[in-house]
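The structure appears right after this line, and notes come after that.
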Amino acid sequence: MEKNILSQFASQFAEASLTSLVESFNAQVGNRGFNSARAAHDHALIDEFVRRGVDVSAISDGHSISFAHHVALDETAMRLVFQN
């Protein structure tokens with residue numbers, strides 16, 4: 001993974017609101033394309049959720065990320081949950 005791309009995404013996500021991070025995740029749901037830029041995007045996005053104390057266990061097991069479902073932020077529990 002090219003560090004420059006990863007650091008660009010990390011900087012972008014560090015400045016984004018939690019709502020924007022959720023929207024970024026949801027924009028990828030169903031997208032089956034994959035390349036190094038997508039990997040950097042996904043890695044930086046999950047890292048930013050974790051850095052902010054958001055539980056991402058609904059979408060990530062620490063090794064892989066599932067983009068099968070749209071998510072919402074449960075602000076009370078600070079966790080991502082599947083949208084109905």
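Worth pointing out:
- In the set (1) at pLDDT 95 or above; (2) on the phi > 0 side of the Ramachandran plot, LEU73 fails one condition alone, (2).
- Residue match in region 52-69 (condition: farther than 15 Å from ALA27 by Cα, basic (Lys, Arg) and open to solvent by 70 Å² or more (accessible area, probe 1.4 Å)): no
- ALA37 vs. criteria among the small types (Gly, Ala, Ser), in contact with a helix residue (DSSP H, G or I) (Cβ under 7 Å, 6 or more places away or on another chain) and assigned to a helix (DSSP H, G or I): yes
- For ARG38, the conditions (1) touching a residue at least 12 places away in the same chain (Cβ under 8 Å); (2) under 20 Å from ALA14 (Cα atoms); (3) under 13 Å from the mean Cα position of the chain (by Cα) all hold with the exception of (1).
- Check on HIS43, more than 24 Å from ASN84 (Cα to Cα), open to solvent by 30 Å² or more (accessible area, probe 1.4 Å) and assigned to a loop (DSSP other than H, G, I, E, B): no
- Lone qualifier among GLU48, GLU23 - being among the acidic types (Asp, Glu), open to solvent by less than 40 Å² (accessible area, probe 1.4 Å) and outside any loop (DSSP other than H, G, I, E, B): GLU48
The values are calculated or read from the model by the stated rules, or taken from the named source; none is laboratory data. Every value quoted in this text rests on a predicted model; they were computed, and no experiment measured them. Heads up, the Cβs are rebuilt from the backbone with ideal geometry, glycines too, and the neighbour counts pull from every protein chain shown. Keep in mind that these areas ignore ligands, DNA and RNA; they rest on the heavy atoms of the full protein, side chains included. Shrake-Rupley method; radii C 1.70, N 1.55, O 1.52, S 1.80 Å.
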